[in-house]
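The values are calculated or read from the model by the stated rules, or taken from the named source; none is laboratory data. Keep in mind it's a predicted model, so treat the numbers as computed, not measured. When we count neighbours, we look across all protein chains shown, and the Cβ atoms used for this are built from the backbone with ideal geometry, even at glycine. Just so you know, the surface numbers come from the protein's heavy atoms only, side chains and all, with ligands and any DNA or RNA stripped out. Shrake-Rupley method; radii C 1.70, N 1.55, O 1.52, S 1.80 Å.
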Amino acid sequence: MTSVFSNKSSTLPVGIKRFDKGPYFDFYHKEGNLYGVYAGRFYPISLGNNVEEMYWNLRRKAVMYDVPEKPIQIEGPQAGEFLDKVFSRKISDMKIGRGRYAIACYEDGGIFIDGVFFRLEENKFWYVQPDGPLETWLKAHQSGYDVKITDPSSRVIQIQGPASPKILSKLTDGSIDESFKYYHSGYFTIAQQKVYISRTGWTTELGYEIYSLGGNTDYKSLWDSILEIGSPLGMHLDGILSMEIRRIEGGILDSNTDFDLTMNPYEAGLGSLVDLSKEEFIGKQALEILSKKEGKKLFGIISEKPFIYKSNVFLSNDETVGYLPASTWSPTLKKYIGYVRFSYPGKWTEFKVRAESSEGGLMDCTIVELPFYDKDKKIPKGIDKTIP
């Protein structure tokens, strides 16, 4: 297997003084692990495992990931009303115990952030954000609303893969069963302590996320219980590299990498997350205009050869028309795949393009719509139970 990264990268030592290494860090840290920093938190990129072996374990059994996602808590009698103003999708009509993917935009329609909402109680929400100053943004717009915005200090473990339902069922003494559907969430007990669990993840495999409750969580007991139940069922612990392959195959986008404030939801293929029938919300006027313009900027790309890291993309006349923010080898498709951020919107699947190969020179590529397969998300919904 070719490395996930097509070029050699430097490793720089980073001090932990200003970053949160997390409560699980000491349970798996060893010399040679590779870490990144995201949302002010350390997370493992590589634990020294064979990436393709872990990828297949994710697709066939289960993999556990310590991820840096950061829930922000929004609560109060006007929480729903406030979130309807800040986010482009309606949030106030969510049911308790449900999740919802949503984005927030700037006044000019550029995407500020994406993430998943959970409604924990009638007047309490969590927005699980990627990297970005969400808490500051929310506080900057909360004037006139009776809401409280806080960091609940929750850390997240993801258990992903077809064996995950059995693992979660055993962990919760049968409380999680087939009635716990995709994007369901709620409070459960693991190792005699309360946690918050959602049927979501960053892999487009069937999977779950386990959220701690800050200082009320006994992390060692929780960790040991997950390993005790999961390991006999084929679960392994891994860094994010195997997850990265699967998220690209599944068309999951990374904020500030695959899209940023220079791209609006329609250009990123996220137009379904904009509800223009809502009352006034941040960016609505700009989005009403942008919605009438045709064309996307973000597509998938397929090649027989490996891409150079952040490869440029060219038309046949050598005009540079975009670049690849993310690319990888797909063990399922047995092709090299990635995302293309084109310089301007267009019907790019109708064009022939070339990209830079890490083997040297330019290579012919195919442009496709995202995701690369399982467009109806039958795998994470549990409808497609075929194990490759």
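A simple charge model with +1 on the Cβ of Lys and Arg, -1 on the Cβ of Asp and Glu and nothing else charged puts the dipole of the range 3-123 at about 340 debye relative to its Cα centre. Once both labels are positioned 7 Å from their Cα atoms along Cα-to-Cβ, the gap between TYR373 and SER316 label points is 3.0 nm.
Which value at 222 nm does the chain reach when only helices count, each DSSP H run of 4 or more adding -39,500 (n - 2.57), with the total divided by all residues and rounded to the nearest 500 deg cm²/dmol?
Working: 8 runs with 66 residues, N = 388.
Result for the chain: -4500 deg cm²/dmol, rounded to the nearest 500.
Between ASP384 and ASP364, what is 0.36 nm times their sequence separation minus the Cα-Cα distance? Round to one decimal in nm. Present the calculation step by step, with values, prior to reporting the outcome.
Values: separation 20, 0.36 × 20 = 7.20 nm, distance 3.26 nm.
3.9 nm is the gain from fully extending ASP384 to ASP364.
Normalised by the number of residues in the range 324-388, what is the relative contact order in percent for Cα pairs under 8 Å and 6+ residues apart?
Working: 51 pairs, mean separation 11.7, N = 65.
Once normalised by length, the contact order is 18 percent.
Which entries of LYS297/LYS334; LYS124/LYS284; LYS181/LYS220; LYS61/LYS296; LYS278/LYS381; LYS220/LYS377 show an alpha-carbon separation above 31 angstrom in the structure shown?
LYS61/LYS296; LYS220/LYS377
Sequence-distant contacts, meaning Cα pairs under 8 Å at least 6 residues apart, place the relative contact order of the chain at 18 percent.
Take the Cβ-Cβ distance between TYR28 and ASP93 as r, set R0 to 56 Å, and report the resulting FRET efficiency rounded to the nearest 0.05. Mind dumping the intermediate values first?
On the way: r = 40 Å, r/R0 = 0.72.
After rounding, the FRET efficiency stands at 0.90.
Shown for the chain: the carbon plus sulfur share of the solvent-accessible area, taken with all protein chains present and a 1.4 angstrom probe, equals 49%. Of HIS141, HIS236, the order by accessible heavy-atom surface (1.4 Å probe, DNA, RNA and ligands excluded), from most exposed downward, is HIS236, HIS141. In the assembled protein chains, LEU213 presents an accessible area of approximately 40 Å² (probe radius 1.4 Å). Here are several values of Cα extents along the principal axes in Å: (1) 71, 53, 46; (2) 64, 51, 45; (3) 93, 58, 42. Which one was derived from the coordinates shown? It is the one labelled (2).
Which of rounded, prolate or oblate describes the range 30-165 when judged by the alpha-carbon gyration tensor and an a/c cut-off of 1.5? Verdict is prolate for the range 30-165. Within the straight-line cut-off of under 13 Å between alpha carbons, the aspartates and glutamates reachable from LYS292 are GLU267, sequence neighbours fewer than 8 places apart in one chain being disregarded. Taking 0.36 nm per residue of separation and subtracting the current Cα-Cα distance, fully stretching the chain between SER221 and LYS148 would add 23.2 nm.
Might you tell me the accessible area per residue for the chain, computed with a 1.4 Å probe and given in Å²? Present the calculation step by step, with values, prior to reporting the outcome.
Numbers: 17470 Å² over 388 residues.
For the chain, the per-residue accessible area is 45 Å².
When a/c is below 1.5 the answer is rounded, else prolate if a/b is larger than b/c, else oblate, so apply that to the range 154-197 with a ≥ b ≥ c taken from the square roots of the Cα gyration tensor eigenvalues. The shape class here is rounded.
With Cα atoms defining each centre, the range 77-125 and the range 345-363 are spaced 37 Å apart in the structure. Taking square-rooted eigenvalues a ≥ b ≥ c of the alpha carbon gyration tensor, is the range 13-90 rounded, prolate or oblate, where a/c under 1.5 means rounded and, failing that, a/b exceeding b/c means prolate? Oblate, since a/c reaches 1.5 and b/c is not below a/b.
Using the average count of surrounding beta-carbon atoms within 10 Å as a protection proxy, the listed peptides 41-54, 82-95 rank, highest first, as 82-95, 41-54. Computed from the C-beta positions of LYS181 and GLU107, the FRET efficiency with R₀ = 51 Å rounds to 0.90.
Please state the relative contact order of the range 66-106 as a whole percent: Cα pairs under 8 Å, 6+ residues apart?
Details: 24 pairs, mean separation 12.6, N = 41.
With pairs under 8 Å counted, the relative contact order is 31 percent.
Counting only protein heavy atoms and using a 1.4 Å probe, the accessible area of TYR35 comes to about 50 Å².
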